[in-house]
Amino acid sequence: MEGVGQAPEAVTQTVLDDLRNRLLAYRRVDLPAGFGWQRGVDGDYLANLVDHWVNEYDWREHEQRIRAWPWVVAGRDGDLPIRAIHRRASQRTNAAVLLLHGWPDSVLRFERVLPMLTDLDVVVPALPGYPFAAPTPRRGHSSAAAANAIADAMSELGYDRYVVSAGDVGCDVAEVLADSHRDHVAALHLTDVSQYRYLVNPPTDVTEAERAYMDHGHRWQEAEGGYMHLQRTKPHTVAVALGDSPAGLAAWLLEKLRGWTDCEGDVEAVFTRDEMLTWITAYWVSGAIGTSFTPYVEGGDNPTARIEVPTAFTIFPKDLVNAPQEFAARFFDVRSWVEPDRGGHFAAWECPSDYVDGIRTAVDLARFN
């Protein structure tokens, strides 16, 4: 059922007091000087952000806004309930859109697109194990498990067919939905092809462009993919450090917020400090950083058959590793391929208008009659 009581619980003051005490005790780590962001997070910037976090940032202000969204919880009686934002269209419609976030973010990725989709029913699940998600006995879950639970949740909410829009980890969830629940997925809107498509059992009969893409992907993994290797191999070890130190957590996430956005090195061109800290604090107060790694360590098993669902791609230039259209067409029924001039990994946040254009293209491809 929808209504009061479905929103994430307010964070206890004890948790916020503990966070403040830990930030006040922040011990800056000695590092070789003069490298800025070249070897990871910039120590000066992080120290300033920690100071802002402890002295100026107010979680309660943002929590109030977030909890006021129209939350629901579906599958309460099962092992994997799904908490989601569920907003119905301003006028009755047959069109419904399911928005799936990735890592290292949450439903907050879509905050800027929601006001642009008032003519559609929209469901934004918090992926299990991520901030704002409903608690589960196992805590962390694979993309496949999330997909099956979300399919059940959509049915419980009354949706037999819907468009799925996703990026990053959300794309892995979307692939399982479109493959295992194909009668319910009317169209897809994706911002990337899962990197597992070239990392695990890659095709061998590739074109020159596809080979160049896969070679670039492996080089990117070598230079930038250390986080992914850790989160796939020893997630419980790194989770201890990140879950015990808010400064450590901020460093881990901040580097991605800066490096994965189209910001030309100035992360505050995309996020205000308060916006960054809301994304980061959501992980801290929920304790979700370790459980959010589960799709990495339990992932890589993409559907083997081609996904015969009409698919619209919006490929943003500063996303991580962008596949060429011919590679995507191996796995998807590509009906639209758009490459905007700007935007990165968090495209729904960075370029909401371009992102919404892709959603609307997918809605046009769907048949809701």
Item to complete: Could you please find all residues in the stretch 30-67 being modelled with pLDDT of 95 or more and of a type in the set (A, V, I, L, M)?
Response: VAL41, LEU46, ALA47, LEU49, VAL50, VAL54, ILE66
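Which residue is surrounded by the fewest Cβ atoms within 10 Å (Cβ to Cβ), if the candidates are limited to the stretch 1-48 and must be aliphatic (A, V, I, L, M) and under 18 Å from GLN64 (Cα atoms)?
Taking the stretch 1-48 first, the residues aliphatic (A, V, I, L, M) are 1, 4, 7, 10-11, 15-16, 19, 23-25, 29, 31, 33, 41, 46-47.
Retained after the next criterion (residues that are under 18 Å from GLN64 (Cα atoms)): 4, 7, 10-11, 15-16.
Details: VAL4: 6, ALA7: 19, ALA10: 13, VAL11: 18, VAL15: 15, LEU16: 17.
Out of the qualifying residues, it is VAL4.
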Discussion item. I want to confirm something. Restricting to the stretch 163-202 and keeping residues that are over 23 Å from GLY217 (Cα atoms) and charged (D, E, K, R), which single residue is farthest from the chain's Cα centre (by Cα)?
Written reply: ASP183
Fill in: Condition broken by PRO125, with the remaining ones in (1) more than 19 Å from the chain's Cα centre (by Cα); (2) within 18 Å of GLN6 (Cβ to Cβ) satisfied
(1)
Worksheet item: Out of the residues in the stretch 162-209 that are farther than 25 Å from PRO104 by Cα and hydrophobic (A, V, I, L, M, F, W, C), which is surrounded by the most Cβ atoms within 10 Å (Cβ to Cβ)?
Response: ALA187
Worksheet item: Which of the residues that make up the stretch 338-357 are among the hydrophobic types (A, V, I, L, M, F, W, C) and either part of a loop (DSSP other than H, G, I, E, B) or surrounded by 17 or more Cβ atoms within 10 Å (Cβ to Cβ) (or both)?
Response: PHE346, ALA347, ALA348, TRP349, CYS351, VAL356
Discussion item. If I ask for residues that are part of a loop (DSSP other than H, G, I, E, B) and exposed (fewer than 12 other Cβ atoms within 10 Å of the Cβ), which ones from the stretch 211-270 would you list?
Written reply: GLU264, GLY265, ASP266
Worksheet item: For the stretch 302-319, which residues satisfy the criterion of being assigned to a loop (DSSP other than H, G, I, E, B) and surrounded by fewer than 20 Cβ atoms within 10 Å (Cβ to Cβ)?
Response: PRO303, THR304, ALA305, ARG306, PRO317
Worksheet item: Is there a residue being in contact with an Asp or Glu (Cβ under 9 Å, 6 or more places away or on another chain), free of Cβ contacts under 8 Å to residues at least 60 places away in the same chain and in a helix (DSSP H, G or I) anywhere in the stretch 132-150?
Response: yes
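On the given criteria, is VAL15 part of a strand (DSSP E or B), under 29 Å from GLY140 (Cα atoms) and of a type outside the set (Phe, Trp, Tyr)? Walk me through how you get there before you give the answer.
Working: part of a strand (DSSP E or B): no; under 29 Å from GLY140 (Cα atoms): yes; of a type outside the set (Phe, Trp, Tyr): yes.
Answer is no for this residue.
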Fill in: Options ARG360, ARG330, ARG335: the member that is within 20 Å of ALA96 (Cα to Cα) and assigned to a helix (DSSP H, G or I)
ARG360
Worksheet item: Among the residues of the stretch 61-96 satisfying the criterion of being over 19 Å from GLN6 (Cβ atoms) and loosely packed, with under 12 Cβ neighbours inside 10 Å, which is nearest to the chain's Cα centre (by Cα)?
Response: GLU61
Worksheet item: ASP51 fails exactly one of the following numbered conditions: (1) surrounded by fewer than 22 Cβ atoms within 10 Å (Cβ to Cβ); (2) farther than 24 Å from PHE271 by Cβ. What is the number of that condition?
Response: (2)
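Can you spot a residue in the stretch 139-160 that is of a type in the set (Val, Ile, Thr) and either touching a Gly at 6+ places or on another chain (Cβ under 6 Å) or farther than 15 Å from VAL72 by Cβ (or both)? Show your work before the answer.
Going through the stretch 139-160, the residues of a type in the set (Val, Ile, Thr) turn out to be 150.
From what's left, either touching a Gly at 6+ places or on another chain (Cβ under 6 Å) or farther than 15 Å from VAL72 by Cβ (or both): none.
Scanning the stretch 139-160 turns up no residue that is of a type in the set (Val, Ile, Thr) and either touching a Gly at 6+ places or on another chain (Cβ under 6 Å) or farther than 15 Å from VAL72 by Cβ (or both).
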Discussion item. Take the conditions more than 27 Å from TYR227 (Cβ to Cβ) and either assigned to a helix (DSSP H, G or I) or not charged (D, E, K, R) (or both) and apply them to THR281. Does it pass?
Written reply: no
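The values are calculated or read from the model by the stated rules, or taken from the named source; none is laboratory data. Keep in mind it's a predicted model, so treat the numbers as computed, not measured. Counting neighbours? That spans all protein chains shown, and the Cβs are built from the backbone with ideal geometry, glycine included.
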